[in-house]
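Below is one structure, written out as structure tokens; comments come after it.
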Amino acid sequence: MRLTDRFTGLFLVGLGALAAYGGSRLPPVPGQPVGPNVFPMVVGIGLSVCGLMIAFGIGHRFEEEAEADLAAHTTHSPEQDVTHRRIWYLRALIPPALLLFYVFVVDHIGFIPTAAIMVLVTAVTLGASLRLAIPLALLAPAGVHLIFYKLLRVPLPDGWLPMPWS
Amino acid sequence: MDTFLEAIRLVAAPDVIVAILAASVYGLVVGSLPGLSATMATALLVPVTFYLSPIAAIATIVSASAMAIFSGDIPGALLRIPGTPASAAYTDEAYAMTRKGQAELALGAGVWFSALGGIAGTISLIVLAPPLAEMALSFSTFEYFWLAFLGLMCATLVARSSPVKAIASMLLGLLIACIGIENPGGVPRFTFGFTDLLGGIEVIPALVGVFAVSEVMRAMITPTPPPLPRRQFGSILAGQWTLTKKYPWPLMRGNIVGIIIGVLPGAGADMAAWVSYAMSKRLSKEPEKFGTGHPEGLVEAGASNNASLASGWVPSLLFGIPGDTITAIAIGVLYMKGLNPGPTLFTEKASSMYAIYIMFIIANIIMIPLGIAMIRAASYVLRAPRASVMPVIVLCCAVGAFATGANLFAVLTVAAFGVLGYVMEANGYPVAALVLGIVMGTMVEQSFVTSLIKSDGSMLPFFERPVSAVLAALTIGALLWPVFVWLRRQALQRA
């Protein structure tokens, strides 16, 4: 997800300005010269200045040198040259999407089914065959449940499939 | 003496020994898998440390991180793919040795010099920490402010990226630390009416997101590393003593550079390895041999990255300022276990300090036999398909974050910071600086605001005390250093 420096720089300018504005509106502490507003204002202004510099490409050369150094020291596999359609790269969002799925579903259907779906989806997306993905989706959640629920006493919801040890 | 005996008793407890062994094996396996860093290994361990005794909790972090840094050398030497970023600097050299039929020598150098470097780093921790602690007892908020600010600036200075982007990352971290009611006025700040945000952003879920989830996200769009062909290794340690005698100065230099970089806040094992490898090449009598499978750079950089690991604990234990990303996580565990970082830790909890020293020594000694076993098992471990490891990591991220406070908001935090870490890394914003900002935000603000209140809003007292004046000069120097480098380059280009 490579964005242009101009885009990320301007985003930081906006974020910094919002932070400084938000900070400036915080109530002062009576009888005290400095309150909760000072730090976000300083940080926000600094962030805006940095954003402007990034948008104008200042310091970019340091980055290019580090990238060239790393590329010279590690393998470049021919598979890395394969270009995919832009939509293919959205698969990078699957892990955070699965975490959101966990948040909204785990209390309703329980830990084991939720975890099994997460493991199955991640494994299949990474290219695992169903012969590997299905046993993994059955065993990994049970193993993690055993460690966290039984040994570490983390209150994982039972839901549809309570384990023998819960 | 009593304190030392008490420390031995603490370390010899069965739970601590089991923790050291289990964490060592875990660190070796995770570190050897390409794409899984030592920091990620440590971040995923934190939820488990909640349920351990304080010493066992620290033992797991010390052992797992030391093993993972060494273990990253294994795929580097055998596949030319560094297991952890700390091995990237000399991966090329180690792989060239493997191609020359010297895989055992390259891997042996990895384990042997990592252990020596780790022990040198521990000695620096033992020697440096107590006198610095004594000095730090007289520090006021002015010194703490400059020290924290200097730490933040060092992290941006040594980042292998644009210094401007590094400073922006650090400021973003400080801004994230502003969230919540823990501020001078005790008012809700940037909470947008969400009660879950009143307590601020929890550091541990944020770190798990930045270091673990973002790596799984990267794995989704990068090709699978090639499988390691099965091979039989000869003696791993043969020839290491000869190398030690042949390269005493590179070894010494690697140790010293590693220790210095470790002590610098924010700069960790990967930076130590890059600097030491470059230095080794520049100062070598045979620089033309570098890149052709010459062990000298391996000796220096291999010792350096492990030396930095132990010395990174110096600022962490003394001031609560992380020496690197691993100690940024460790500081959270120290607070959680009642071992609040600060100079008084060395007087009030001296036995715990000695116990940490002993654990470092033990971890670096057992690294040799366990490391050799890991090298021999590498053919099997590195064949584990990525598609079977990553799903378990996603699951552990969710459950581990939930375990930090039995709160599903922590899992949301993990997801959000996973995306943030991924986007930042993809666009050249160093995440280590972000993490440092998040971890140190509260401390920086508290020392800044308290100092301003003491000085009645004036900036002059920030420079009046001798130590704070020196620290201020160093901080301003660090801030201006990239400008100086840029101006010098411009002048050279014109010449």
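Some points to look at:
- Taking the range B:131-168 as the range and being within 9 Å of chain A (Cβ to nearest Cβ) and part of a helix (DSSP H, G or I) as the test, the residues that pass are B:P163, B:V164, B:K165, B:A166, B:I167, B:A168.
- Identity of the residue in the range B:368-415, within 24 Å of the chain's Cα centre (by Cα) and among the hydroxyl-bearing types (S, T, Y), that ends up nearest to B:Y26 (Cα to Cα): B:T404
- Hey, A:F101 assigned to a helix (DSSP H, G or I), more than 22 Å from B:P223 (Cα to Cα) and at the interface with another protein chain (Cβ under 9 Å from one of its Cβ atoms) or not: no
- Looking across the range B:418-436, the residues that are β-branched (V, I, T) and within 11 Å of chain A (Cβ to nearest Cβ) come down to B:V419, B:V423.
- Residues that are within 27 Å of B:A168 (Cβ to Cβ) and loosely packed, with under 13 Cβ neighbours inside 10 Å within the range B:449-472 comprise just one, B:M459.
- Exclusive hit being polar (S, T, N, Q) and surrounded by fewer than 19 Cβ atoms within 10 Å (Cβ to Cβ), set A:S48, A:S24: A:S24
- Residues of the range A:126-156 that turn out to be within 10 Å of chain B (Cβ to nearest Cβ) and either in contact with a helix residue (DSSP H, G or I) (Cβ under 7 Å, 6 or more places away or on another chain) or of a type in the set (S, T, Y) (or both), as a count: 17
- Being in a helix (DSSP H, G or I), crowded, with 22+ Cβ neighbours inside 10 Å and either out of contact with any strand residue (DSSP E or B) (no Cβ under 8 Å at 6 or more places or on another chain) or modelled with pLDDT of 85 or more (or both) holds for only one residue in B:F360, B:F346, and it is B:F360.
- Within the range B:379-411, the set of residues being in contact with an Asp or Glu (Cβ under 9 Å, 6 or more places away or on another chain), among the small types (G, A, S) and surrounded by fewer than 23 Cβ atoms within 10 Å (Cβ to Cβ) comprises B:G405 only.
- Residue satisfying condition, being under 17 Å from B:A212 (Cα atoms) and either outside any helix (DSSP H, G or I) or modelled with pLDDT of 85 or more (or both), within set B:P391, B:P461: B:P391
- The single condition among (1) more than 14 Å from chain A (Cβ to nearest Cβ); (2) among the charged types (D, E, K, R); (3) in a loop (DSSP other than H, G, I, E, B) that B:E182 does not meet is (1).
- Single residue of the range A:135-161 satisfying the filter (small (G, A, S) and assigned by TED's automatic domain parsing to the domain that holds A:M118) that is surrounded by the fewest Cβ atoms within 10 Å (Cβ to Cβ): A:G143
- Of the residues screened, B:G173 is one that is among the small types (G, A, S), touching a residue at least 60 places away in the same chain (Cβ under 8 Å) and closer than 24 Å to A:G35 by Cα.
- Residue within the range B:363-378 that is surrounded by fewer than 21 Cβ atoms within 10 Å (Cβ to Cβ) and closer than 19 Å to A:I117 by Cα present: no
- Just one of the numbered conditions (1) part of a helix (DSSP H, G or I); (2) crowded, with 24+ Cβ neighbours inside 10 Å is not true of B:G323: (1).
The values are calculated or read from the model by the stated rules, or taken from the named source; none is laboratory data. Predicted model only: the values in this text are computed from it and were never measured. We place every Cβ from the backbone using ideal geometry, glycine too, and count neighbours over all the protein chains shown.
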